[in-house]
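Read through the structure below, which is laid out as structure tokens, and then see the notes.
The values are calculated or read from the model by the stated rules, or taken from the named source; none is laboratory data. Predicted, not measured: the structure shown is a model, and the values here were computed from it. Using ideal geometry, Cβ is built from the backbone for each residue, glycine included, and neighbour counts are taken over all protein chains shown. Just the protein is used for accessible areas: all its heavy atoms, side chains included, with ligands, DNA and RNA removed. Shrake-Rupley method; radii C 1.70, N 1.55, O 1.52, S 1.80 Å.
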Amino acid sequence: MTSIDWAKVRADFPILAQQVNGKPLLYLDNAASSQKPRAVISALVNYYERDNANVHRGLHELSSRATDAFEGARAKVARYLGAESAEEIIFTRGTTEGINLVAATWGAANLKAGDVILLTEMEHHSNLVPWQILAEKTGAKLCFVPVADDGALAFEPALLDGVKLFAFVHVSNSLGTINPAADLCRAARAVGAVTLVDGAQSAGHMPVNVREIGCDFYAFSGHKICAPTGIGALYGRRELLEKMPPWHGGGEMIVSVTYERATYKQPPHKFEAGTPNIAGAVGLGAAIDYIEGIGRQNIFDHDAGLTARAVQHLAEIPGVRVLGPAKRGALAAFHAEWAHPHDLTTFANEHGLALRGGHHCTQPLMRKLKMPGTTRASFYFYNTADEVDRMAEILRAAHRFFA
Ligand code: C6P
């Protein structure tokens, strides 16, 4: 049993105590972006008020404080993900940039015409378009693990025949499916395929340990785990990072430069050209401290309770069909036969309720499901059972209005 005082936790988020359209804000768009606790906001203010300078460059006091804060945040990310060392953590702008980095470096160096990149039919565009660009450049071929009717992956080991890279989403942002990442990576390893896990929807919602998962790469976004926007991290297994060519060229990633050529630093710095998002990294470190203070298993259990309650409410509204399997991440996406998702989310907003409606950056999946989009409620640990009940009340009112 958890001993967390969830009401106290919620009070850490100043943004939640406001009215929208004359109603208390009901923020259920956490899969798009999470809100920030005071601890993270204060870490940013303190950094800018006391320590701000460029990192790794100056010998002065502020530069060394900024460097310590930045590298300290990297060590926190490494611990949070269960990496072997901080050298395996590259700061990025988010999940999208992490995946693009792997495609542009590991992919360009290792894939050739005819090689197979295996994805799944439930990928976010971030874990699809970078591989399409790479396939176009190299002549590699894209194949897909099908999504079954219940929203789970219809994976079979035979799909891995000839596969060089298997990249898949850990928790689907459109279906809520929690994919069995460790099993999938084990199967991929057995055929010598490299694995990349899109952790955008898992990093802040459940315990994640990259060594237990057994993946080669894991990418996530800070803004979905209570950190600022514009910061995220890519975990890469050291052995692979060492062999990968750099991506962006510039300051900070070099050992020595002549007019003709340059030699590069060891990872992770080889992949971090230019002045990084130092404050963002500090904010990410503070977010990790905050989340670890609550405990990721506690967060998972709390969110699972809210999501199950939401699914139960939704199932009772006529003409509503919830997508995805019973065992799901912290979201419930649904199709209401009596309203377009954009009309429904606009109606919800008039009642202070923030939902997301649309294709959720998974257009091919929506096409496969023959839907223009869905309406999605997504939860985080500061949401309450009472809010889920209020959401249901608003959606019942929407049914009376539209149907
Ligand atoms: N999904 C959603 O509302 P970025 O934009 O780089 O922080 O994250 C991209 C991304 C990658 N993979 C998955 C599974 C995601 O859910 C997201 C972001 C948001 O569902 C915005 S489209």
So, in region 16-37, how many residues would count as being assigned to a loop (DSSP other than H, G, I, E, B), among the hydrophobic types (A, V, I, L, M, F, W, C) and within 30 Å of residue 169 (Cβ to Cβ)? 4
Residue 57 being within 14 Å of residue 232 (Cα to Cα) and either open to solvent by 60 Å² or more (accessible area, probe 1.4 Å) or at pLDDT 95 or above (or both): no
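Looking at the structure I just gave you, is residue 373 open to solvent by 10 Å² or more (accessible area, probe 1.4 Å) and within 16 Å of the ligand (Cβ to nearest atom)? Before you say what the answer is, go through the steps one by one.
On the way: open to solvent by 10 Å² or more (accessible area, probe 1.4 Å): no; within 16 Å of the ligand (Cβ to nearest atom): yes.
So residue 373 fails the test.
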Subset tally (residues that are away from the ligand (no atom under 11 Å from the Cβ) and not in a loop (DSSP other than H, G, I, E, B)) for region 345-362: 8
For residue 40: the one exception among (1) hydrophobic (A, V, I, L, M, F, W, C); (2) assigned to a helix (DSSP H, G or I); (3) open to solvent by 30 Å² or more (accessible area, probe 1.4 Å): (3)
With respect to residue 395, is the statement that it is in a helix (DSSP H, G or I) and either surrounded by 24 or more Cβ atoms within 10 Å (Cβ to Cβ) or not assigned by TED's automatic domain parsing to the domain that holds residue 16 (or both) true? yes
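Within the bounds of region 286-307, is there any residue that is within 16 Å of the ligand (Cβ to nearest atom) and either assigned to a loop (DSSP other than H, G, I, E, B) or open to solvent by 20 Å² or more (accessible area, probe 1.4 Å) (or both)? Full working, then the answer.
Filtering region 286-307 for residues within 16 Å of the ligand (Cβ to nearest atom) gives 287, 303, 307.
Checking the rest, the ones that are also either assigned to a loop (DSSP other than H, G, I, E, B) or open to solvent by 20 Å² or more (accessible area, probe 1.4 Å) (or both) come to none.
No, that holds for no residue.
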The number of residues in region 1-45 that are touching a strand residue (DSSP E or B) at 6+ places or on another chain (Cβ under 7 Å) and on the phi > 0 side of the Ramachandran plot is 0
Working only within region 114-128, note down all residues that are surrounded by fewer than 21 Cβ atoms within 10 Å (Cβ to Cβ) and more than 10 Å from the ligand (Cβ to nearest atom). 114, 115, 116, 121
In this structure, does residue 134 turn out to be away from the ligand (no atom under 11 Å from the Cβ), open to solvent by less than 30 Å² (accessible area, probe 1.4 Å) and modelled with pLDDT of 95 or more? yes
Identity of the residue in region 94-110, more than 16 Å from the ligand (Cβ to nearest atom) and open to solvent by 10 Å² or more (accessible area, probe 1.4 Å), that ends up farthest from residue 152 (Cα to Cα): 109
Does residue 55 meet the test of being part of a loop (DSSP other than H, G, I, E, B), aliphatic (A, V, I, L, M) and either away from the ligand (no atom under 16 Å from the Cβ) or touching an Asp or Glu at 6+ places or on another chain (Cβ under 8 Å) (or both)? yes
